[in-house]
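> To start, I am sharing the structure in question, which I have written as structure tokens.
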Amino acid sequence: MIEQIPVLLVVLPIVGGAIPLVASLVSDRAGWPVATLTLVGQTGLAGLLAWTVSTSGTVSYAVGGFAAPYGIELVVDGLSGAVALLVAVISLGVLAYARKAGPHSGPFYGLYLLLVAGLTGMTVTGDVFNLYVFLEITGLAAYGLVASGRDASAAVAALKYLIIGTVGASLYLLGVGYLLAATGTLNMADLATKIGEMAAYDSTLVLTAFGLMVGGLTVKVALFPLHTWQPDAYANAPDTVSAFISALVSTVSAYALARLLFSVFTVEFLTAVPVARWALVGLACVSIVAGSALAVSQDSVQRMLAYSSVSQFGLVVAGFAIATPLAVVGATVHLLGHAVMKGGLFAATGVIERKTGATTVNGYAGMGSRVPVSAFAFAVLSLAMVGVPPAVGFVGKWYIVLGAVNAENWAVVAVLLASTLLTLAYFARLVERLYFAEATIHSKPDEAPVTDGSGQAVSFGMIAVVVIAAALAVALTAAVPELQAMLEDTLPPLLNQ
Amino acid sequence: MFELLNSHYNYFAVMLLLGIGLYMLIESRNLVKKVIGMNIFQTGIFLFFITLAFRTGGNPPIIKEGGGPYVSPLPHVLILTAIVVGVSLTAVALALIIRIYTEYGTLDEDKLKQLYYD
Amino acid sequence: MTESLRPILAILVSTVAIPVILSLKRRPNVREGVTLTVAFAKFAIIASMVPGVLSGTQYEFVLGQFATGIELAFNVDPLGLLFGLLASLLWIVTSFYSIGYMRGLDEHAQTRYFASFAASLASAVGVAFASNLLTLFVCYELLTVSTYPLVTHDETDEARAAGRKYLAYTFGGGVAVLGGTVLVFVLAGTTAFTPDGIEALATADPTLARAAFALLAAGFGVKAALMPMHSWLPDAMVAPTPVSGLLHAVAVVKSGVFGIARVVLDVYGPVTMKELGVALPLAAIAAFTLLTASIIALRQDNLKRRLAYSTISQLSYIVLGLALLKENALTGGLLHIPAHAFMKLTLFFCAGAIHVETHTDDISDMAGIGKRMPLTMAAFAVAAAGMAGIPLVAGFVSKWYLVIGALNLESGGLVFAAALLVSGVLNIAYFWPIVYQAYFESPEGHDEKPLIEGPFGGRSELRADGGDSDETHAASDEGEVPEPEHVDHLGKHDEEHEHHGGPPAGGWDDRGWRGGESTWFMLGPILTAATLSLLLGTVPYTAVFLRIVDTIVSNLPGVMA
């Protein structure tokens, strides 16, 4: 039973997603309950899987009974178990938000579950081509979800996302081709051994494959300068979708990048080809600085949060590229923590917009007293993102910095430390406006606040999601030792320690 | 040079397709042409995989007595999958374009930008 | 070490109070009741640990594992107790004063104010009791966050600008502390405070150890307002006066000084400090700061700004005492933590009382104010005398030890002793005129104040570059002091009030010496704080603080040797 869970995790949401799609011919009401049921099951399975992995080690499953390396293998270790659990929990959480916030259609929930399937698939797969397929499934579902807003600007954003995203995925596919040419295999573990045996780390084929695959994935992660699709997509999608994809899509892509680095190319590659590591670290550092700078100059809060993601994923990728055990633990903590924080922040912007009509930095002025609970949650999440201890944003940063110091990579240490101040620069501005400025938008009692049209009111569930995200942003710190224990068995073989 | 062209013309075709596709994707202002560019770009990749599978004197990978040597079947399978993905992407892209056209009445990217940021 | 709940209780008691205070928005009397109860409870819990700590017990509480090799843990040792006891004692005094001040001015957002105050105190006590650098850092950052709403309390442009500056400076410092903490952890494998320093640091790579020290000293130096990282402090005076009093003279700035003390005594230790040669630069910076800030204070006309520069100067006394690494200097420096706190709190409370009662903020408007507020100005005089180091007030005892410690130094001691003495003279120079004009002058006839009103370098006509008449005119314009205008806590331009500070048309009225000058909610705290500084100056051992300081110093074999 246990070894079937990885494949069940992918199949369950696909099957579940088909039901609302069919049911929508009759009624749109079926979507939410079906999705909830499916995701409750998904969360249970993912929890069971994570527990199994942390107690008895890696779980692997050969799809269709074809043994690896010929067939497709699904492998779940501590790292992917944690990410799979995150995907399940967050998608269940966002559903509570979606119930009121909409969009309320059967196809929406179909796409939603398809996205969950794609993300989980990316997480559990142990095959580079399979990863491409799930990458595209994720992409397709995400494009559709972004476009599900009633506003046509959402379609423009989705098309931009689609074109850039496809180029990224295609580059990745091209890289897979190079690897296949070099080694003749697609299984990750097998690839690592073959590349190692050939000791061909600096051969043109492997180097090109690395460049193409990593380059393709950084488009999906949205590192600077390949981030251009992200602000439009996040800002124009319905609030539910913004919260969902901002929390998970880039996160799982960054996980895939890490998987590629450690399970396919391995740390030896990074050591043998310092240029590759430097390129990645450099890209990450540029992303941290440029993302923050762009975030500061934004007027729309949602776009600001999108650029903030560019910067935060710089931090995560820097941690992975440094590739010492501590740095990887830090990057993983920040990856998971960021998902919770950013999802919560987007959910909060949705609530604030529905209640007050405020969408811009200036519009947020004085809203601290109008929407006290959401504003407070927003402030807590902001501070957590800045890295104020003891929130989880700090723990991740602590480990990454520790790893960078261990690697004696002083330039990176400096950028990482400065990133706190850069993040502060754009969040402090908002928190200051929320609480210490005169309101620029005044409530008109007889006029309903402006919304994106999919729903007017704010439900208890929506506020609960925001508050829980804020609470988690602090409470997750307590779970870090647990996560570290889970990674302890996984990382040393990956990092050859 | 000419020999290289003669023996590796597939790869030159791949490069050409990738180049044309990418150029259209970036340079064309028409959204539909962008999608066509995207398709050409992907086709370049498909061709690359199929070329990988080739071996001189290889037969189609249908196992029979004395049939070998075979060309590698794996890239073909992969590309079948990739084509399916590509088709669905194109479908989604065209659907979005129809939506954009009904709303804004244009497919020109520059005009769209003006409308979009107003 | 004794396992005990008391350290965490002392922190939690005011943390738990925050939601309670927030929920009592509509019932201000109950809300203030909660603040006072919690303040007393906090003090009681901390005071209950004094006898134990003096007899060598340490109370420890481990909250949990934060990361590999690092625990979130609290430990009450003598040094932590010194700071914790001080902060919690003065919170009681300040709470009473806050009630008088906030209600006297009918301030907005009082609930937020009292809640933030409780949060600040929880973090400050957390800083005091933290048992390793990381826990200290966690509380240090939380202190920044919880005091930010207090700095920005006024919600004016000026307050927001001050708040931004405050956040930028203190978070910048926080980043440096984080960097230093990481380095120490990597070098030594632990960040736990050990009396006389972490052993592994003594044998670590000296360059990295120096870099870590520089980062830590610079990071904590921001809140300790060492020059050139001091400029947030005068700007933060835009906050309500109780905030300037308790936080920007006691809790926040002292948390910076306290951090430096921890780094010097419990992370590096005197011996390692000497070997690394980092003590002398720190002492030099402190000496420079204490002189320069005193000179700048001379030219401040706004009373709270002058007090802020005085704070900057006095904090450097403490840092200097720590950096000299001599037994007496350490005693002096550490004793100056409570001594300065009592005196400066008195001074700020006086400034606040004057502001509430007469809306006067500028020293040039205060001639003859002794008639209007005799008790307040008497307390002011006592505390100002203490600042200058005049016997019988707290400042004398600590400065006595400091100067002796400086003179004990093998070389260069004279320079530091001279700096201390010159600064004492400057203290008199900037405090005496205030007291003198309050009692012995009247608004109609008072002396000129050339230091404030005149341009730097004498009369403006004598320009060295011999510029033409236009320029001369411009220069004299620059030299002019802008019209004193009424400014709330420094910032808010209060247009509605007819009265723009300074004496009323008919001169100050005579309120007598029986407390008619203000409410007892304000006078009580002022007199209490002044009495405390007298107590510490006359019977320092009975007032417990010197005994705690002695215990700290005697626990440091590296210093005694």
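The values are calculated or read from the model by the stated rules, or taken from the named source; none is laboratory data. The structure presented is a predicted model; accordingly, all values stated were derived computationally and were not measured. Note that each Cβ is placed from the backbone with ideal geometry, even for glycine, and that neighbours are counted across all protein chains shown. Remember, those area values only see protein heavy atoms, side chains included, never the ligands or the DNA or RNA. Shrake-Rupley method; radii C 1.70, N 1.55, O 1.52, S 1.80 Å.
> B:Thr56: free of Cβ contacts under 8 Å to residues at least 60 places away in the same chain, β-branched (Val, Ile, Thr) and either more than 14 Å from chain A (Cβ to nearest Cβ) or exposed (fewer than 15 other Cβ atoms within 10 Å of the Cβ) (or both), yes or no?
Yes; evaluated as a whole, the condition is true for this residue.
> Still on this structure, please answer the following. Which numbered condition trips up C:Phe43, out of (1) among the aromatic types (Phe, Trp, Tyr); (2) open to solvent by 50 Å² or more (accessible area, probe 1.4 Å); (3) within 13 Å of chain A (Cβ to nearest Cβ)?
All conditions pass for C:Phe43, except number (3).
> On to the next question. Quick one: how many residues across the range C:403-421 are within 21 Å of the chain's Cα centre (by Cα) and open to solvent by 60 Å² or more (accessible area, probe 1.4 Å)?
1
> Please list, ordered by first then second residue, the pairs with beta carbon atoms under 7 Å, 6 or more apart or interchain, first in the range B:93-113 and within 9 Å of chain A (Cβ to nearest Cβ), second open to solvent by 20 Å² or more (accessible area, probe 1.4 Å) and among the aliphatic types (A, V, I, L, M).
Matching pairs, first to second residue: B:Ile97/B:Val32; B:Ile97/B:Leu107; B:Ile100/A:Val156; B:Tyr104/B:Leu115; B:Leu112/A:Val156.
> What is the one condition in (1) more than 18 Å from the chain's Cα centre (by Cα); (2) touching a residue at least 40 places away in the same chain (Cβ under 8 Å) that C:Pro281 does not satisfy?
Condition (2) is where C:Pro281 drops out.
> C:Thr152 versus (1) more than 18 Å from C:Leu79 (Cβ to Cβ); (2) touching a Leu at 6+ places or on another chain (Cβ under 8 Å): which is the lone unmet condition?
(2)
> So which residues in the range A:9-31 are buried (at least 17 other Cβ atoms within 10 Å of the Cβ) and at pLDDT 85 or above?
Within the range A:9-31, A:Leu9, A:Val10, A:Leu12, A:Pro13, A:Ile14, A:Gly16, A:Gly17, A:Ile19 meet the criteria.
> Hey, can you tell me all the residues within the range C:165-175 that are open to solvent by 20 Å² or more (accessible area, probe 1.4 Å) and more than 7 Å from chain A (Cβ to nearest Cβ)?
C:Lys165, C:Ala168, C:Tyr169
> Assess whether C:Thr346 counts as being out of contact with any strand residue (DSSP E or B) (no Cβ under 7 Å at 6 or more places or on another chain) and at pLDDT 85 or above.
Against the criterion (out of contact with any strand residue (DSSP E or B) (no Cβ under 7 Å at 6 or more places or on another chain) and at pLDDT 85 or above), C:Thr346 qualifies.
> If a residue has to be open to solvent by less than 10 Å² (accessible area, probe 1.4 Å) and either facing chain B (nearest Cβ under 7 Å) or among the hydrophobic types (A, V, I, L, M, F, W, C) (or both) to count, how many in the range A:148-183 make the cut?
14
> Given the criteria under 15 Å from the mean Cα position of the chain (by Cα), at pLDDT 90 or above, crowded, with 24+ Cβ neighbours inside 10 Å and β-branched (Val, Ile, Thr), does C:Val243 qualify?
no
> Of the residues A:Val351, A:Val310, only one is under 23 Å from A:Tyr161 (Cβ atoms) and open to solvent by less than 10 Å² (accessible area, probe 1.4 Å); which?
A:Val310
> Within the range A:129-138, can you find the residues that are in contact (Cβ under 8 Å) with a residue 40 or more places away in the chain, at the interface with another protein chain (Cβ under 9 Å from one of its Cβ atoms) and within 18 Å of the chain's Cα centre (by Cα)?
A:Tyr132 - this is the single residue of the range A:129-138 that is in contact (Cβ under 8 Å) with a residue 40 or more places away in the chain, at the interface with another protein chain (Cβ under 9 Å from one of its Cβ atoms) and within 18 Å of the chain's Cα centre (by Cα).
> Going by the structure shown, is A:Met122 surrounded by 21 or more Cβ atoms within 10 Å (Cβ to Cβ), in contact with a Lys or Arg (Cβ under 8 Å, 6 or more places away or on another chain), of a type outside the set (Gly, Ala, Ser) and more than 10 Å from chain B (Cβ to nearest Cβ)?
No: the conditions fail for A:Met122.
> Among the residues of the range C:133-153, write down those that are open to solvent by 10 Å² or more (accessible area, probe 1.4 Å) and more than 8 Å from chain A (Cβ to nearest Cβ).
Those that are open to solvent by 10 Å² or more (accessible area, probe 1.4 Å) and more than 8 Å from chain A (Cβ to nearest Cβ): C:Cys139, C:Ser146, C:Tyr148.
> Inside the range C:91-114, can you point out the residues that are within 14 Å of C:Gly33 (Cβ to Cβ), out of contact with any Phe, Trp or Tyr (no Cβ under 9 Å at 6 or more places or on another chain) and among the hydroxyl-bearing types (Ser, Thr, Tyr)?
C:Thr111, the sole residue that qualifies.
> Give me a count of the residues in the range B:8-42 that are surrounded by 19 or more Cβ atoms within 10 Å (Cβ to Cβ) and over 24 Å from B:Leu107 (Cβ atoms).
2
> Okay, next question. Taking the range A:404-427 as the search range and keeping residues that are more than 15 Å from A:Gly314 (Cα to Cα) and in contact (Cβ under 8 Å) with a residue 12 or more places away in the chain, which one is most open to solvent (accessible area, probe 1.4 Å)?
Restricting to residues being more than 15 Å from A:Gly314 (Cα to Cα) and in contact (Cβ under 8 Å) with a residue 12 or more places away in the chain, the top hit is A:Asn406.
> A further question on this structure: What's the number of the condition C:Ile390 fails, among (1) closer than 16 Å to C:Phe288 by Cα; (2) of a type in the set (Val, Ile, Thr); (3) without any contact (Cβ under 8 Å) to a residue 12 or more places away in the chain?
Against the list (1) closer than 16 Å to C:Phe288 by Cα; (2) of a type in the set (Val, Ile, Thr); (3) without any contact (Cβ under 8 Å) to a residue 12 or more places away in the chain, C:Ile390 comes up short only on (1).
> Output the helices (runs of 4 or more DSSP H) that fall wholly within the range B:12-118 and possess 3 or more residues being at pLDDT 90 or above, or say none.
B:31-53, B:74-104
> Taking the criterion of being closer than 30 Å to A:Ala473 by Cα, assigned to a helix (DSSP H, G or I), of a type outside the set (Asp, Glu) and open to solvent by less than 30 Å² (accessible area, probe 1.4 Å), would at least one residue in the range A:196-215 satisfy it?
yes
> State all residues of the range B:25-41 that are within 8 Å of chain A (Cβ to nearest Cβ) and closer than 17 Å to B:Ala95 by Cα; if no residue qualifies, say none.
Residues satisfying the conditions are B:Leu31, B:Lys34, B:Val35, B:Met38.
> Any residue in the range A:249-262 that is over 18 Å from A:Val89 (Cα atoms) and open to solvent by 10 Å² or more (accessible area, probe 1.4 Å) sitting within a Cβ distance under 9 Å of a residue that is of a type outside the set (Lys, Arg) and outside any helix (DSSP H, G or I)? List the pairs, counting only those 6 or more apart or interchain.
Taking only residues 6 or more apart or on different chains, the pairs are A:Arg259/A:Thr125; A:Arg259/A:Gly126.
> Sort through C:Thr207, C:Thr156, C:Thr203, C:Thr190 and tell me the only one that's touching a residue at least 60 places away in the same chain (Cβ under 8 Å) and open to solvent by 40 Å² or more (accessible area, probe 1.4 Å).
Checking each option against the conditions leaves just C:Thr190.
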